[in-house]
1. Defining a contact as two alpha carbons under 8 Å apart and six or more residues distant in sequence, what relative contact order in percent does segment 163-279 show?
2. Ranking request for peptides 426-438, 574-586: highest mean number of other beta-carbon atoms within 10 Å first, then the rest in descending order.
3. Bin all alpha-carbon pair distances of segment 3-131 at 10 Å intervals from 0 and give each bin's fraction as a whole percent.
4. Say the cut-off is 20 Å between C-alpha atoms; which of Lys453/Lys500; Lys372/Lys526; Lys32/Lys560 go over it?
5. Pull out a ≥ b ≥ c, the square roots of the eigenvalues of the alpha-carbon gyration tensor of segment 351-398, then state rounded if a/c is under 1.5, prolate if not and a/b is larger than b/c, and oblate in the remaining case.
6. Using only the Cα atoms of segment 163-279, what are the Rg and Dmax in Å?
7. Distance in nm between label sites at Glu387 and Ser307, each 7 Å beyond Cα in the beta-carbon direction?
8. Please work out the FRET efficiency for the pair Asp398 and Glu450, using the Cβ-Cβ distance as r and a Förster radius of 30 Å; give the result to the nearest 0.05.
Amino acid sequence: MGLVKTLAETDPFSQLPTEVCAEINRAASVRKFPAQTHIFNQHDPPSGYLYVIKSGIVEIVVLTPGGVEMIVDYRKEGSFFGGTPIFTDQGYTAGARTAKETECYLIPQQVLVETARSYPHITEYFTKAVYSRIRNLYADMVSEHAQSTLAQVEAYPFKKRLSEIMTTPVDTCSPETPVKDLAVQMTRRGIGAILVCTKNNRLSGIVTEHDLVAKVLARDNIDCSTATAAEVMTTKPHSMSPDTFMYEAAAFMMGQRIKHLPVLDRGEIVGIVTLQDLMKYRSQKSMLLVGNISKARTIEDLIAARSEIVKVAKALLSESRSHVETMEIISYIHHRIIRRAYEIVLNDLQRQGKQLPNIKHCFIIMGSGGRKEMLLGPDQDNGFIYEDFADERRGEVDAFFVPFAEKLVSALARIGYPRCKGKVMADNPLWRGRLAEWQARIGDWISVPEPQKVRYSSIFFDFMPIAGDATLCQDLGDIVHLHIKNHPIFLYHMMELDFKHKVPLSLIGRFTLERGKEHKGMLSLKQAGSIFIVDCVRMFLLEQQIDATTTSERIDQLVKLRIFTAETAEHIKAAFEAFTFLRLRNEIALSEQGKFPTHYLDPYSLSKNEQDLLKEAYRVASKLQDSTKRHFSKVIS
């Protein structure tokens with residue numbers, strides 16, 4: 001993508017005339033940076049350039065208070081970085097490091113400053129990004145909370161991405177390469193695998209030491225002197241992207257029993273990771289937890305694993321990195337436990353002689369679990385989707401899945417996932433059914449939007465597969481989009497119900513606390529906090545017929561669609577992170593006191609800075625509510 005086109009599609013430059021973008025293009029230079037090169041470091045003096053990525057990947061890195069370098073963002077083709085010093089005369093607030101060979105346009109500071117004199121919105125864009133009150137409050141609070149270097153090192157493997165540990169460049173060969181040459185290359189290089197690729201660096205297959213032994217040496221019908229890579233390679237090998245978390249890759253490789261994992265960026269080979277690379281961190285408690293879950297044989301094993309999550313959460317909380325990302329990691333562990341519980345209960349039933357019907361089915365979770373936004377005390381929101389089997393098979397299906405659902409819900413409750421008070425669980429017939437039955441159910445919710453039905457939909461619309469055939473989930477998603485497209489007024493009714501609850505902040509800036517006996521004098525950071533952001537963002541996404549899992553990903557999609565500006569999105573994300581941080585810290589404290597972790601706390605027990613942050617987060621949520629209400633009120637006007 002050329003620089004002029006990139007600027008035309010990127011805020012704040014998209015508002016500039018074409019001829020101005022052309023002038024910037026003429027002033028810019030192009031520079032290549034090798035992989036794993038620090039273009040600049042945190043607190044370095046300004047280089048005098050804004051960097052726009054022509055090709056490659058750049059990691060934005062910061063140092064935690066304990067001195068550990070952490071990746072906080074990834075920038076790809078068309079993105080820019082290094083803008084903070086251009087208009088503030090400050091050093092870099094974060095470093096920039098290439099994850100692969102990267103080519104950048106370098107736009108001189110002088111050109112940008114001169115352009116900004118005629119188009120002041122450019123200066124405003126960069127300075128607002130730097131001086132956002134809620135982002136600064138959040139950063140200050142997290143920095144104050146940062147714990148010992150030991151705790152940070154304990155969490156570090158969970159935060160590492162494949163781009164940080166992968167081997168690059170990769171040893172490759174063509175499909176025509178003789179097997180004998182591959183063996184020589186592996187021996188000389190001391191490696192266990194070579195990637196087979198086409199001329200344009202696209203992956204065709206992988207040849208491992210095991211392939212050479214099993215497919216060449218152990219067979220009599222292959223000629224070692226003439227055999228080629230194409231004849232012995234494993235085609236279509238599993239791969240992952242460079243921004244995949246290390247813990248996810250480790251769990252996947254152990255589950256698939258593979259030792260080598262190619263790393264691809266939009267189909268291009270950028271690195272390779274071995275199981276040995278990942279196991280260097282195997283001694284860490286957090287990585288052991290993921291391994292222990294996959295090895296669990298009983299529900300008691302999972303109860304023990306579930307109790308360890310608080311230790312991982314505490315280690316992750318110590319880092320000055322996005323705590324929304326921390327929430328996603330915690331959700332990943334919960335998902336692994338829930339999936340393993342499903343497998344154990346299923347195996348127990350089959351050992352008892354129960355026959356699993358030969359139909360496609362999918363076990364789904366909903367609500368915060370479906371958004372990958374679980375913390376320490378999530379309850380159950382789950383169900384079953386079946387393919388559209390014939391009516392005469394109903395008895396056979398129910399004979400297995402009714403007791404399966406009852407035993408699974410009971411097992412999850414034993415592990416530490418409380419039953420849903422609203423009975424949104426697989427043992428409730430309302431949350432099981434064939435695709436056609438789900439379609440009728442969803443159609444009824446949307447076409448007759450009574451309050452209870454709208455509440456059901458708010459939980460259900462955030463669903464994702466945990467076990468079984470995930471294509472059923474995709475089909476169900478298509479059904480949801482079709483119904484909403486045909487009944488857009490439903491989103492107005494959803495908005496009306498959600499907005500009966502206002503942020504708990506008075507006009508004079510005092511917190512509005514609970515009056516009921518159970519939580520008197522407290523407020524909920526979920527039901528009277530993050531849920532305001534979750535609900536609003538979900539409504540916009542449903543209207544646009546777009547799929548994205550986490551709230552943060554959804555906000556990014558809405559920026560791309562120009563529903564939110566980049567500045568608005570930044571404020572919403574900072575507010576969401578603030579709610580998440582305060583809630584997670586509170587849940588950890590309750591767990592360590594032997595109490596069940598909840599999202600209720602006394603806001604006046606917080607420090608002055610933390611109270612200011614919480615109030616600012618509520619103000620952001622309130623503004624989002626107002627703009628959402630104005631937008632969806634147009635549906636009926």
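1. Numbers: 189 pairs, mean separation 35.2, N = 117.
Worked out over segment 163-279, it gives 30 percent.
2. Top to bottom by mean Cβ count within 10 Å: 574-586, 426-438.
3. It works out to 13, 45, 34, 7, 1, in whole percents.
4. Where the Cα-Cα span goes over 20 Å, the pairs concerned are Lys32/Lys560.
5. Judged from the Cα gyration tensor, segment 351-398 comes out prolate (a/c at least 1.5, a/b above b/c).
6. Rg then Dmax for segment 163-279, in Å: 14.0, 43.
7. Placing both labels 7 Å beyond Cα along the Cβ direction yields 4.3 nm.
8. 0.60
Here, each number is a calculation from the coordinates, and none is a lab measurement. Bear in mind the structure is a predicted one, so any value in this text is a computation, not a measurement. Every residue, glycine as well, gets a Cβ built from its backbone with ideal geometry; the counts of neighbours run over all protein chains shown.
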